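Taking it in order: structure first as structure tokens, then the write-up.
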Amino acid sequence: MMIVMKQTATEDEVRAVVERIESVGARAHRSSGEEVTVIGAIGDREHIARLELEGNPGVDRVVPILKPYKLASSQIRHDQPSVLDIAGRKIGGEHFALIAGPCTVESRDQLLTTARTVHAAGATMLRGGAYKPRTSPYAFQGLGTEGLRLLAEAKAETGLPIVTELMDARDLEPVLEVADVVQIGARNMQNYALLSEVGRSNTPVLIKRGLSSTLEELLMAAEYVLKEGNPNVMLCERGIRTFETAYRFTLDLTAVPVLKELSHLPVVVDPSHAPGRRSLVEPLSLAAAAAGADGIIVEVHPQPEEAICDGPQQLRTEGFAEYARKVEAAAAVAGKTSFLAVAAA
């Protein structure tokens, strides 16, 4: 249930509604906009039905939220998109973010070379995996804590916020010491215990859509984070399994406008993992930006032919600046603020 307060509602009237919600064992989720305050009542449906808040002082109207994802629903924000501030870099609404870096941290030279390149080109954040989920248990699993140390060094030098993946709740503390955004990979999208753990922190979370997951399942994954009190969640479309075999996964760009209808959360697109081929990354990036995505998370490497993993899909550092300018132009088509101009400022 969503309770929309009047513009003239006082703080005491808002507090009274919150206390009434909590008195029946439900949780009150307050969202204050420039003009009105909206309060979400989350809990047992029968208990919430007995609230009878219509006509209470300061209450404008009560709107039922029929979707199973209550806090992720666009209704809870009164159809206003969420804008996240990540170490001074904004994403969501009119703000577009370009997140770039290597698939995995391999060495100090590889990471710092890439970080300097993407920073100079105006990237918003630096991505890099210290822990890597691999299909084969014998494949490179990442540098772990050494990778986190190198990411911290890259952050100190360039000032770029860090996006890195968390696979195991036992690694949460060291990851949070470095990460400005915790990435939950496609294979962990429905690891509900892990989602709840990151939900108990205030660190922003980027959740990648599972390989065979519906949009509702993605939104329900976000709900696990939101219900723990962390409002800083981004959704990521990275390609799903279909019958097509010409490329690795099918990048579902229809998900971008649909998720924006269903949810207030920022929507990011990963154009690297779906095609698995460098030649397809740029056109998919431009399409995603023009479709209204709030950001792109893309892989970049100084020598992709020598990359330990996912080399064929990683962009070359020497061409990244031109790529960034093209993405900027495509994002502008969708009415997004230039991330390059923001970075330069």
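The values are calculated or read from the model by the stated rules, or taken from the named source; none is laboratory data. Remember, it's a predicted structure, so these values are computed and weren't measured experimentally. When we count neighbours, we look across all protein chains shown, and the Cβ atoms used for this are built from the backbone with ideal geometry, even at glycine.
Odds and ends about this structure:
- The set of residues from the range 142-163 being crowded, with 17+ Cβ neighbours inside 10 Å and assigned to a loop (DSSP other than H, G, I, E, B) comprises Gly142, Leu143, Leu160, Pro161.
- Residue that is surrounded by the fewest Cβ atoms within 10 Å (Cβ to Cβ), among those in the range 216-234 that are within 18 Å of Ile296 (Cα to Cα) and not β-branched (Val, Ile, Thr): Asn232
- Selection of the range 176-193 for residues being closer than 10 Å to Ala221 by Cβ and either of a type in the set (Gly, Ala, Ser) or part of a helix (DSSP H, G or I) (or both) yields Asn188, Tyr192.
- Qualifying residue in the range 308-323 (condition: surrounded by fewer than 18 Cβ atoms within 10 Å (Cβ to Cβ), in contact with a Lys or Arg (Cβ under 8 Å, 6 or more places away or on another chain) and part of a helix (DSSP H, G or I)): yes
- Criterion: of a type in the set (Asp, Glu), more than 21 Å from the chain's Cα centre (by Cα) and surrounded by 12 or more Cβ atoms within 10 Å (Cβ to Cβ) - qualifying residue of Asp60, Asp85: Asp60
- Residue satisfying all of: in the range 190-212; crowded, with 18+ Cβ neighbours inside 10 Å and more than 12 Å from the chain's Cα centre (by Cα); nearest to Phe249 (Cα to Cα) among these: Gly210
- Residues of the range 176-185 that are touching a helix residue (DSSP H, G or I) at 6+ places or on another chain (Cβ under 7 Å) and surrounded by 24 or more Cβ atoms within 10 Å (Cβ to Cβ): Val182, Ile184.
- Residue check for Val327: touching a residue at least 12 places away in the same chain (Cβ under 8 Å), within 24 Å of Leu195 (Cβ to Cβ), buried (at least 23 other Cβ atoms within 10 Å of the Cβ) and of a type in the set (Val, Ile, Thr): no
- Inside the range 90-102, residues that are under 18 Å from Asp270 (Cβ atoms) and either within 13 Å of the chain's Cα centre (by Cα) or of a type in the set (Gly, Ala, Ser) (or both) make up a count of 8.
- Within the range 237-260, the only residue that satisfies the criterion of being in a helix (DSSP H, G or I) and either of a type in the set (Lys, Arg) or not assigned by TED's automatic domain parsing to the domain that holds Ala291 (or both) is Lys260.
- The range 63-79: number of residues that are on the phi < 0 side of the Ramachandran plot and surrounded by 16 or more Cβ atoms within 10 Å (Cβ to Cβ): 11
- The one condition in (1) in contact with a Phe, Trp or Tyr (Cβ under 6 Å, 6 or more places away or on another chain); (2) over 21 Å from Gln313 (Cα atoms) that Pro57 fails to fulfil: (1)
- In this structure, Met220 does not satisfy being closer than 27 Å to Arg149 by Cβ and not aromatic (Phe, Trp, Tyr).
- Among the criteria (1) surrounded by fewer than 12 Cβ atoms within 10 Å (Cβ to Cβ); (2) over 19 Å from Gly229 (Cα atoms), the one Ser32 does not fulfil is (2).
- Filter pass, Ala139 being among the small types (Gly, Ala, Ser), at negative phi and touching a helix residue (DSSP H, G or I) at 6+ places or on another chain (Cβ under 9 Å): no
- If you go through the range 288-303 and keep only what is touching a strand residue (DSSP E or B) at 6+ places or on another chain (Cβ under 6 Å) and either not assigned by TED's automatic domain parsing to the domain that holds Ile91 or not aliphatic (A, V, I, L, M) (or both), you end up with Asp294, Gly295.
- If the condition is being crowded, with 24+ Cβ neighbours inside 10 Å, outside any helix (DSSP H, G or I) and hydrophobic (A, V, I, L, M, F, W, C), then the range 88-123 contributes Ile91, Phe96, Ala97, Leu98, Ile99, Ala100, Val105, Ala123.
- Scanning the range 33-54 for residues that are charged (D, E, K, R) and without any contact (Cβ under 8 Å) to a residue 24 or more places away in the chain turns up Glu34, Asp44, Arg45, Glu46, Glu52, Glu54.
- Checking each residue in the range 11-39 for being of a type in the set (D, E, K, R) and not in a helix (DSSP H, G or I) picks out Arg27, Arg30, Glu34, Glu35.
- Residue within the range 75-87 that is over 27 Å from Leu172 (Cβ atoms), in a helix (DSSP H, G or I) and assigned by TED's automatic domain parsing to the domain that holds Ile308 present: no
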